[in-house]
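Encoded as structure tokens, the structure appears first; notes follow it.
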Amino acid sequence: MNIEEAKELLSYHSGTNDDIHNPKWEYGFLGSLRPFRGKLHEENFIEVMECLKVLKDEFSTPMIDKRMVSDIVGMVYLARVWASPEGMLGRNHLLTSEQTRKLLIWIDIIEESLMWLLDDSEEEAFWSYNEYLDGRIY
């Protein structure tokens, strides 16, 4: 995957891509939560993180792509709000407690990666993700 493909994938996962007929829009990270169909898709989380790996150098440039950052922040913010007890998934009891816990872990890892990437700390940026993949965060 190249930089442009990674940015495009993030736009699908965040629901900001104009191509709303693409299945990736409907079944991506945010799309799979609204409407929620009873299942979280770990492959979406992994794809978002792999996009961040491809884009890691983009966060060190003097002019960071605003849309790229907006897509990431939007995913984190909306997923967290929707999963909260007052959010659409929480108040309607659409997520099990296990699903809520898993989604919040994914959100935290994405958010942490963004923070470290913006701080030019690549090693720290993917530490929690690697821990998750190794089964040490679950």
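Scanning segment 110-132 for residues that are free of Cβ contacts under 8 Å to residues at least 24 places away in the same chain and either touching a helix residue (DSSP H, G or I) at 6+ places or on another chain (Cβ under 7 Å) or open to solvent by 80 Å² or more (accessible area, probe 1.4 Å) (or both) gives E112, M115, W116, D119, E123, E124, W127, S128. Looking across segment 26-63 at every residue that is farther than 22 Å from E123 by Cβ, among the aliphatic types (A, V, I, L, M) and over 9 Å from the mean Cα position of the chain (by Cα), the one that is most open to solvent (accessible area, probe 1.4 Å) is identified as M63.
Rundown of residues vs (1) more than 21 Å from I3 (Cβ to Cβ); (2) out of contact with any Lys or Arg (no Cβ under 8 Å at 6 or more places or on another chain); (3) assigned to a helix (DSSP H, G or I), yes/no style:
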residue: F29; (1), (2), (3): no, yes, no
residue: I72; (1), (2), (3): no, yes, yes
residue: Y77; (1), (2), (3): yes, yes, yes
residue: G90; (1), (2), (3): yes, yes, yes
residue: I109; (1), (2), (3): yes, yes, yes
residue: D120; (1), (2), (3): no, yes, no
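For segment 1-16, the candidate set comprises residues that are within 14 Å of E47 (Cβ to Cβ) and not hydrophobic (A, V, I, L, M, F, W, C); within that set, the residue that is surrounded by the fewest Cβ atoms within 10 Å (Cβ to Cβ) is E5. Looking across segment 34-62, the residues that are without any contact (Cβ under 8 Å) to a residue 60 or more places away in the chain and either touching a Leu at 6+ places or on another chain (Cβ under 7 Å) or not in a helix (DSSP H, G or I) (or both) come down to R34, P35, F36, R37, G38, K39, H41, E47, C51, T61, P62. Restricting attention to segment 64-106, the residues that are open to solvent by 50 Å² or more (accessible area, probe 1.4 Å), in contact (Cβ under 8 Å) with a residue 12 or more places away in the chain and charged (D, E, K, R) total 3.
Give the number of residues within segment 98-127 that are small (G, A, S) and farther than 12 Å from F45 by Cβ. Residues that pass the stated criteria total 2. Among the residues of segment 122-138, the one identified as in contact with a Leu (Cβ under 9 Å, 6 or more places away or on another chain) and outside any helix (DSSP H, G or I) is F126.
The values are calculated or read from the model by the stated rules, or taken from the named source; none is laboratory data. Remember, it's a predicted structure, so these values are computed and weren't measured experimentally. Ideal geometry is used to build each Cβ from the backbone, glycine not excepted, and the neighbour counts take in all protein chains shown. What goes into the accessible areas is simple: the full protein's heavy atoms, side chains included, and nothing from ligands, DNA or RNA. Shrake-Rupley method; radii C 1.70, N 1.55, O 1.52, S 1.80 Å.
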